[in-house]
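Have a look at the structure below before the remarks.
The values are calculated or read from the model by the stated rules, or taken from the named source; none is laboratory data. Just so it is clear, the structure is predicted and the values come from calculations on it, not from any experiment. Ideal geometry is used to build each Cβ from the backbone, glycine not excepted, and the neighbour counts take in all protein chains shown. Only protein heavy atoms, including side chains, enter the accessible area calculation; ligands, DNA and RNA are left aside. Shrake-Rupley method; radii C 1.70, N 1.55, O 1.52, S 1.80 Å.
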Amino acid sequence: MSILNSIGGAVLKPIFKEWSRALLPKINGKLSIKGLQEDVEIIRDELGVAHIYAQNLQDLIFAQGFVHAQDRLFQMELNRKVARGNLSEIIGIKALDSDRVSRTLGFERIAKQDWELFNEDEQQIIHNYCKGINAYINSVEFKLPIEFKLLKHQPELWTPMDVVAFSRLLTALLSWGWYDEIIRAKITEIVGEEAAMELDNTYPKENPITLPKGIEFNVLDIDKKFQALKGPFIPQISGSNAWTISGNKTKTGQPFLCNDPHLTLKNPNIWYLNHLHCPELHVSGVSAPTLPMVQIGHNENIGWGITLSFTDIEDLFVEKFTDETCTTYMHEGKIKDTIIYNEKIFIKGEKLPHIEKVYETIHGTMISDVVGHSSTKLTLCSMAYKPGMAIRGWFMLNRAKHWNDFAEAVKNISAPGLNIVYADTSNNIGYYNSGKVPIRTKQEASFPQPGWTGEFDWKNFVPFEEMPYVLNPEKGYVITANHKIEPEDYPYFLGDIYMNGYRANRLEKMLSRKEKSEPKDYVEMQMDFYCTPAKQFTAHYNNIQLDNATHQQLLQQLLAWNGVLDAEGIEGSLYKVSKYMVVRKLFEATIHDKKLVDELLGKGFDAIFGPVNAYLGHNTPILLRILENENSIWLKNAGGKNNLLKSGFEDAMNWLKLNYGNNIKDWKWGKIHAIVFSHPLSIQPPLDKIFNIGPLPIGGDTDTPFQTFIMSTEQFGGELSAPSYRQIIDFSNFDKSTIIMPLGNSANLASPFYKNQLESWITGKSYPMCWTREAVLQHKKYSLLLKNN
């Protein structure tokens, strides 16, 4: 079947490409459009970046919706269908489970509450964005993208709820904290508290923290205006990683802000490169098609970048319902009525809709059934599912003029928990942690808590003024790499699900090499494949002797390795496969449950809404800590350290021979760890051979600065999470700022901007993100004038 699939794909791909060529949108010339107040100019440069010039904000956002729809309409269609739980309408029964999760979590229900909180200006921005999308769909030049034709689906016109529901979905996907509570509880139940404690996410002491001095606020002499401002952004207390570097440490004398958010890579990419300009707004960077404005980038005054902070803003509660119907439940000694929603899900090809009953208590929605734990009635309490004004926060970032504007914007982002780094044209750099964190102890946040007592209900939150932040740190830079944020004396528990800090360790060492750094240094940092814990793991093999002579030679080659996980070497494969075998053996010797072991290695509950969990990447420091502890229960159950290491390496060699043959030259890490950019229609062969891009050899792993972590516990390549966008913002001259992302701005197979950035993204080349009109015209490739009809 796979051979027939490959042949079918090879035959059909050029046909589909020519078909797509006939469906390319108009990007050159003039086009009359209804709904504009004034004419709008859209210049696409050599990279495909859409530079939009309008005379007012309404037309600017309208045109952004228009160009997003031109290049990414099918992606946007899936975004809104998933968010609103309507995917079954176009995919059929295969999408029912996805819709059940979406309706249960209630993205649309919460979005309706969000909408009521927005002011008229914010609602109008979203309306204008939708009008731009609809103007494209209704235009005489509209050509239905090929995916719609294959599914025989016609898109409906857009409404604001499509945008707001998707913003809620994105917020939820970037929020962490609840699923690891289930895993931790199951492990404790099986192995006991003492053994479970060995798997605790103890942060490696040799790795840095984001704010070693805690909250730190230093005003530069050139910007004394901050001293006169009073409010939550300048608290009267003492104390003190994207990354941002002060001008004191750069060759230009001005700040640089660098960011490479790591997300699951798909075809098309999650981000779209755009540059927006009108009298009221000038901003450049990336947006997620389905959302207006810019999510990462810079305006005329400030720039920002984001990484996940992994602050714990989610908890699970065990509910005590009064009977099997779950219509009432106990809370603080009283019987309360359950809110019940009957969600009607229409399915393509089915006569009758599926009715999903959704139960909601004071804590949140009951999620037991959709996550496979129906025997225990669990509700999810999360800031990601509380009404809020995160969209307002992002809109405010686009317009921010200085630090206080930035801080006020971050204050509105109650979820997700993000590290947001900052720099401005007045030579200030900074950082603020977003997301409202409930005040509770580590014990309370680590396991599902009884919901009927009321004792563990969220009552207070860490005050925004006391959330981790820094302005102009004494060390001259801030690095965030999803690692531990706060020092040990920080008064609140923010969570313990942060990443292990190995990337931060490496980045800090690289940045500290020079007294004054420059862009080529930042490119080297973003492209670095050095794996810090690899040498720590292989050091445990120093005195190991294997019975197989060939295997012993390979072990010696591994021990002599420099730790760089590049695509061409076989040492990366020796390290990664042997570590994987050792970890599985270690866990399986005590936990005789494959599903739970997979979860402990990071597997999530759902391919769309939770492909991984907070344990992802934690097995490395856990393994290293256990290998150092001769009294470890886990090590004893695995037959001791030497036995575990020997059998793990032997199993790895046998696995490599079985899957890649006896020729060791075929064991290159890039071959095993090849990346695939999967397309949503790839679930139906041979469409995978037409729309998927790859496999392509690539280096790295979870712990390298150029992070490429595996989204599966079953394989070493395929769908990877990696840098979805790289930016280096130069505050001495915005025209010298550079960008690159995998693939391209267009989702059309025949477009010159379909995957034009891919090779450069892999090799580390980047391109100017043109800012001034002169630079844009210098790099102009196509120009479309939208005429007011």
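Other residues whose C-beta falls under 13 angstrom from the C-beta of residue 294 contribute a net charge of 0, scoring Lys and Arg +1 and Asp and Glu -1. The chain gives an Rg/Rh value of 0.95, both radii derived from C-alpha positions and Rh following Kirkwood.
Rounded to the nearest 500, the helix-only mean residue ellipticity at 222 nm of the chain stands at -10000 deg cm²/dmol, with each DSSP H run of n ≥ 4 adding -39,500 (n - 2.57). Given a 1.4 Å probe and the protein chains as shown, residue 489 ends up with an accessible area of around 130 Å². Applying a DSSP loop filter and a limit of 15 other Cβ atoms within 10 Å to the GluC sites (Glu not before Pro) in segment 661-767 leaves 714.
Note on segment 411-537: Cα-Cα pairs beyond 25 Å make up 39% of the total pair count. Could you work out the local net charge near residue 449, counting Lys and Arg as +1, Asp and Glu as -1, over the other residues with Cβ closer than 15 Å to its Cβ? Summing Lys and Arg as +1 and Asp and Glu as -1 gives -4. For segment 386-473, the Kirkwood estimate of the hydrodynamic radius, built from every pair of different alpha carbons, is 14.6 Å.
Across the alpha-carbon set of segment 328-378, the Rg to Rh ratio works out to 1.10, Rh being the Kirkwood radius. Overall, the ratio between the Cα radius of gyration of segment 580-636 and 2.2 N^0.38 Å, rounded to two decimals, is 1.19. Counting 0.36 nm for each residue step from residue 404 to residue 647 and taking away their Cα separation leaves a gain of 81.7 nm. 3J(HN,Hα) along segment 681-698: 7, 5, 5, 10, x, x, 4, 4, 6, 8, 9, 5, 10, x, x, 10, x, 8 Hz, from the Karplus curve 6.51 cos²θ - 1.76 cosθ + 1.60 with θ = phi - 60°, whole Hz, x for Gly and Pro. Tell me the net charge near residue 660. Cut-off is 11 Å between Cβ atoms, residue 660 excluded, with +1 for each Lys or Arg and -1 for each Asp or Glu. Once all neighbours under 11 Å are counted, the net charge is +3. Across the accessible surface of the chain, with the other protein chains kept in place and a 1.4 Å probe, carbon and sulfur atoms take up 51 percent. Converting the Cα gyration tensor eigenvalues of segment 483-609 into ellipsoid dimensions via √(5λ) gives semi-axes, longest first, of 29, 26, 15 Å. Protein heavy-atom accessible surface, 1.4 Å probe, per residue over the chain: 38 Å². Based on alpha carbons, the Rg and Dmax found for segment 148-189 are 18.3, 51 Å. At q = 0.10, 0.11 Å⁻¹, what log₁₀ I(q)/I(0) does a Debye calculation on the Cα points of segment 34-188 give, no solvent, two decimals? Taken in order of the listed q values, log10 I(q)/I(0) reads -0.45, -0.53.
Extension gain, residue 628 to residue 787: 0.36 nm times the residue separation minus the Cα-Cα distance gives 50.3 nm.
Applying both filters, DSSP loop and at most 14 other Cβ atoms within 10 Å, to the GluC sites (Glu not before Pro) of segment 463-548 gives 474, 488, 515.
Placing a label point 7 Å from the Cα of residue 144 along the Cα-to-Cβ line, the residues of segment 91-111 whose backbone N sits under 15 Å from it are 91.
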